[in-house]
1. Leaving out ligands, DNA and RNA but keeping every protein chain, what accessible area does ILE72 have, in Å² rounded to the nearest 10, with a 1.4 Å probe?
2. Could you check the spin-label model distance between LEU96 and SER53? Points 7 Å from the Cα along Cα→Cβ, value in nm.
3. According to the Cα gyration tensor, what semi-axes, each the square root of 5 times an eigenvalue, does the equivalent ellipsoid of the chain have, listed from largest to smallest in whole Å?
4. Would you please report the Å³ per residue occupied by the convex hull of the alpha carbon atoms in the stretch 56-139?
5. Return the whole-Å distance between the Cα centroid of the stretch 20-76 and the Cα centroid of the stretch 107-168.
6. Mind telling me which of LEU153, LEU78, LEU24 comes out most flexible in a GNM of the chain, alpha-carbon contacts under 10 Å?
7. So if R0 is 35 Å, what FRET efficiency would LEU17 and PHE60 give, r being the distance between their Cβ atoms, rounded to the nearest 0.05?
8. Relative contact order of the chain: what whole-number percent is it, with Cα pairs under 8 angstrom and at least 6 residues apart?
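The values are calculated or read from the model by the stated rules, or taken from the named source; none is laboratory data. In this text the structure is predicted, and so the values were computed from the model without any measurement. Positions of Cβ are generated from backbone atoms using ideal geometry, with glycine treated the same way; all protein chains shown enter the neighbour counts. Each accessible area value is taken on the protein alone, full model and side chains, heavy atoms only, with ligands, DNA and RNA left out. Shrake-Rupley method; radii C 1.70, N 1.55, O 1.52, S 1.80 Å.
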Amino acid sequence: NGVQKGGRIDYVKLIALVACLILLIACINFMNLSTANASRRLKEIGLKKALGSRRKALIFQFLCESIFITFISLLAALAIADLLIPQFNEVTGKQLTFSFSIQYLIIISFILFSTGIIAGSYPAFYLSGLNTITTLKGKLNISIGEVFARRGLVIFQFVLSVILIVFV
């Protein structure tokens, strides 16, 4: 009869879009920090390659590390959300609770693995493709394409941030 019964789905979609953009910004930030941290791991990578480690094994290692960091972050986020939900309920006047069903666990697992793989993909492929000799020497030869790729990621990150600040 013209009376709205539930929440507005447009707001839910907007908040979901904002959350996805923030997650993408975090993934780009993780990529940049991981590749910048590569200089500390050069000798480790060079030694592994010299001992016969294949590129696929290194890619798998870096992706697993990224997924593990994402898992630890997920646990911390769930703990913080669980601690703050009573205060949130008090401020909003709502009665929200945590309830985990199989459907939610599947969605959370999908987000966990996709975030870990997106965030760790560039560092995994970049670090595993380094030359063995130069990594053992501790030198990192950075090409112009790699510099543009990292700068492009930073610029894209800032553009997303400005979009979020201006439009939301």
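1. 80 Å²
2. Once both label points are built, they end up 4.1 nm from each other.
3. Gyration-tensor ellipsoid for the chain: 40, 20, 13 Å.
4. Working: hull volume 10.2 nm³, N = 84.
Once divided by residue count, the hull of the stretch 56-139 is 122 Å³.
5. Cα centroid of the stretch 20-76 versus Cα centroid of the stretch 107-168: 10 Å apart.
6. Greatest mean-square fluctuation among the candidates belongs to LEU78.
7. Working: r = 32 Å, r/R0 = 0.92.
Calculated value: 0.60.
8. Numbers: 101 pairs, mean separation 76.9, N = 168.
Relative CO of the chain lands at 46 percent.
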